[in-house]
Protein chains: 2
Amino acid sequence: MIPIGEMVARTGAWLKTDGPHADRILSTRVRLARNLAGTPFVGRAVDEDLLRVYRTVAAAALATEPFRGGAAQTMNELSLLDRQFLLERHLVSHDLTGDGVARGLVLAVDERASVLVNDEDHVRIQSLEAGFRLEESWARAQGVDAALEEALPFAWSGDLGYLTACPTNVGTGLRASVLLHLPALVLTQRMKQILVGVTQVGLTVRGYHGEGTEVMGNFLQLSNQVTLGQDEEEILTKLTRVVRQVLDWEEKAQDQLLRQARWQVEDKIMRAVGVLRSCRLLSSQEAIGLLSASRFGNTLGMRNMPEIAVLNELLIRCQPAHLQRAAGRDMSSEERNEYRARLVREILGVDDAPEPTR
Amino acid sequence: MIPIGEMVARTGAWLKTDGPHADRILSTRVRLARNLAGTPFVGRAVDEDLLRVYRTVAAAALATEPFRGGAAQTMNELSLLDRQFLLERHLVSHDLTGDGVARGLVLAVDERASVLVNDEDHVRIQSLEAGFRLEESWARAQGVDAALEEALPFAWSGDLGYLTACPTNVGTGLRASVLLHLPALVLTQRMKQILVGVTQVGLTVRGYHGEGTEVMGNFLQLSNQVTLGQDEEEILTKLTRVVRQVLDWEEKAQDQLLRQARWQVEDKIMRAVGVLRSCRLLSSQEAIGLLSASRFGNTLGMRNMPEIAVLNELLIRCQPAHLQRAAGRDMSSEERNEYRARLVREILGVDDAPEPTR
């Protein structure tokens, strides 16, 4: 079986696709939390339990259609760099990158479907799409869930639904999330208002890298808070409604921004693209800001903007572990900044012969 | 006779030339202070005196070869915008842009020779060149001086030489100055040291716009302090020697900078050019900084840098009065920032069709 890191580095085709509202919605994810009946939850299980869970789940998953040709590995089998690499791709959680017994990942060739094993729950089915594709993502997760359920006895209660380690996931075990790009709401300082409104209807807002991460590059992740007392369709319908509402607010904020400060906004965007195309050193943080501005230029229909699919790709590939994997070696922060700038110019197609002075 | 503002706006050919060491030496100037014998100095003269001085000097100058086809006007005949315009071109002093009786300028068609009338002294002969051309500049000033002296009785004392309003100009009345671009010395924080050394040998250092102005864009003006007790050749020889010394220090600082921080320097330069080529709003101050960085890129022999002559032109034409004269109207600071960014892109030859959203 091919190592997961290799597989991911080779493919990642979904990154380059763009779905509906691709300029404002980076990706859609559905996650289902499941646990094996008759086995203690991860937090209480002994090592043998966890190992058995990993072997059972990995074997069952790889035998299903969605994971045909895919790969499974425990985190211990992966280098720290590869764990970081998978984290940067939103394939594993931050917890999973640490050490632990029999924590693993089963991954489909195209990265769209995956199963985390022995993270917070025994099984976390994940489905990932570019753009706003909640139905497709949900359908794929359901397919994996149904296929796994034929082989694995999931812990389930008639009263509560699926049982999970954390009470917030009990019931459907479903968390659906959408990663939005909301530059106009951020620039017009409306985000606080949005956060309050969204929280009131039972949704949560998180930063680019999920729970506990800060807002970077105007990217915000919107997901359902509650998994109990609502069926899956209700959860997805509500999330869809709120996403559309937020997009509507973003459009209104954008109109206002353009009326009040079109020149400033266009200036900022043009400079961002200019810097991306010309810089020789680029930090990770600055890259995210510049890519966000370029994305906004795309939304505004400005000329000579990099395509959304290119910006998606850059957003992922500019991250530290991705750079080091591409370079095939560990790099200092300084070296990464140079490599990142070069990668950006290469992907943006900037003519870039070396300086004669070098 | 053509109005001076029109004439200057039309020509200014010297701007686009570049002389020896053009990357590190923007321009060379020679100025000779003279006063008419038998007429009170400007500070003590009554209006009729000043008017007579202006008429006499302007008529005499225009009758000489260097000013054939040239123009003469008093500042009162010029709009405030045109006075500012001439100041930005280093043709008149800051004092001369204010109101006052019979203060005027006689200007040669190519701007290389001019005579300020009733500034601090009755007559100030000026000669201006791009690059490092002290001998040519001195020869031209001498030529104008000799031609004027045939028609005008200059105040002169056998002991002191030429008499001037301010004691620091007595003697030769000569001030020779060179406008240097010294980014490496500024970046390696050596300027203080240089200033001390230069002052000790009787030279002074000033900012881009002469006396009392701040250092902008790493441009520094080096000129002789003393005009008494040395003949002209000594003054010019010493200035030349010190300029060569400073250039040598700059080169050494540059070598050190490249050894220690080549990537950072190249990054800064490439970003500067990228921003110049892409921005939609550009302040005067930022423009000077970006043009300075581009100039440094030129000195370092980096690829795809704008030519020195283009950078010289931009440095002048990006100034507020130049912009407003080009636009043919008064503009707010905001409007100028937009106009300036457009002008820069135009002069740099950036393909720049309007945004479809506008």
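The values are calculated or read from the model by the stated rules, or taken from the named source; none is laboratory data. Note that the structure is a prediction, hence the values are computed from the model and not measured. Neighbour counts run over all protein chains shown; Cβ positions are idealised from the backbone, glycine included. Ligands, DNA and RNA are stripped out before the accessible areas are found, and what is left, the full protein with its side chains, is counted by its heavy atoms. Shrake-Rupley method; radii C 1.70, N 1.55, O 1.52, S 1.80 Å.
Taking the range B:137-177 as the region of interest, how many residues are of a type in the set (Val, Ile, Thr), closer than 21 Å to B:Ser114 by Cα and in a helix (DSSP H, G or I)?
Residues in the range B:137-177 being of a type in the set (Val, Ile, Thr), closer than 21 Å to B:Ser114 by Cα and in a helix (DSSP H, G or I): 1 in total.
If I ask for residues that are more than 24 Å from B:Glu111 (Cβ to Cβ) and in a strand (DSSP E or B), which ones from the range B:26-45 would you list?
B:Leu36
So which strands (runs of 3 or more DSSP E) stay within the range A:46-117 end to end and still have 2 or more residues that are over 23 Å from A:Glu136 (Cα atoms)?
Per the criteria, A:71-74.
For the range B:219-254, enumerate the residues that are more than 25 Å from B:Leu291 (Cα to Cα) and out of contact with any Gly (no Cβ under 8 Å at 6 or more places or on another chain).
Selection gives B:Asp231, B:Glu232, B:Glu233, B:Glu234, B:Ile235, B:Leu236, B:Thr237, B:Leu239, B:Thr240, B:Arg241, B:Val242.
Would you pick out the residues in the range A:286-344 that are without any contact (Cβ under 8 Å) to a residue 60 or more places away in the chain, of a type in the set (S, T, N, Q) and closer than 19 Å to A:Ala184 by Cα?
The one that is without any contact (Cβ under 8 Å) to a residue 60 or more places away in the chain, of a type in the set (S, T, N, Q) and closer than 19 Å to A:Ala184 by Cα: A:Ser294.
Quick test for you: out of B:Thr213, B:Thr168, pick the one residue that is under 13 Å from the mean Cα position of the chain (by Cα), modelled with pLDDT under 90 and more than 23 Å from B:Glu136 (Cβ to Cβ).
Selected residue: B:Thr213, the only one of B:Thr213, B:Thr168 that is under 13 Å from the mean Cα position of the chain (by Cα), modelled with pLDDT under 90 and more than 23 Å from B:Glu136 (Cβ to Cβ).
Evaluate the following for B:Glu251: is it within 26 Å of the chain's Cα centre (by Cα), under 15 Å from B:Leu300 (Cα atoms) and among the acidic types (Asp, Glu)?
yes
Could you identify the single residue in A:Gly69, A:Gly104 that is within 16 Å of A:Val144 (Cβ to Cβ) and out of contact with any helix residue (DSSP H, G or I) (no Cβ under 7 Å at 6 or more places or on another chain)?
One residue alone meets the criteria, A:Gly69.
Residues in the range A:118-127: is at least one out of contact with any Ser or Thr (no Cβ under 6 Å at 6 or more places or on another chain) and open to solvent by 50 Å² or more (accessible area, probe 1.4 Å)?
The answer is yes; a qualifying residue exists.
Taking the conditions exactly as written (of a type outside the set (D, E, K, R) and in contact with a Phe, Trp or Tyr (Cβ under 9 Å, 6 or more places away or on another chain)), does B:Ile316 satisfy them or not?
Criteria not met by B:Ile316.
Can you name every residue in the range B:57-76 that is touching a residue at least 60 places away in the same chain (Cβ under 8 Å) and either open to solvent by 60 Å² or more (accessible area, probe 1.4 Å) or not assigned by TED's automatic domain parsing to the domain that holds B:Leu148 (or both)?
B:Ala63, B:Glu65
Looking only at the range A:200-221, decide whether some residue is touching a Lys or Arg at 6+ places or on another chain (Cβ under 7 Å), in a helix (DSSP H, G or I) and over 30 Å from B:Tyr339 (Cβ atoms).
For the range A:200-221, residues touching a Lys or Arg at 6+ places or on another chain (Cβ under 7 Å), in a helix (DSSP H, G or I) and over 30 Å from B:Tyr339 (Cβ atoms): absent.
Given the structure, is B:Ser157 touching a residue at least 12 places away in the same chain (Cβ under 8 Å) and open to solvent by less than 60 Å² (accessible area, probe 1.4 Å)?
Judged against the criteria, B:Ser157 is not a match.
Specify which of the listed residues (A:Gln285, A:Gln264, A:Gln260, A:Gln256) is out of contact with any Leu (no Cβ under 9 Å at 6 or more places or on another chain), surrounded by fewer than 22 Cβ atoms within 10 Å (Cβ to Cβ) and farther than 26 Å from A:Gln221 by Cβ.
A:Gln260
Out of (1) in contact with a Pro (Cβ under 8 Å, 6 or more places away or on another chain); (2) among the charged types (D, E, K, R); (3) open to solvent by 30 Å² or more (accessible area, probe 1.4 Å), the odd one out for B:Arg295 is which?
Unmet for B:Arg295, out of (1) in contact with a Pro (Cβ under 8 Å, 6 or more places away or on another chain); (2) among the charged types (D, E, K, R); (3) open to solvent by 30 Å² or more (accessible area, probe 1.4 Å): (3).
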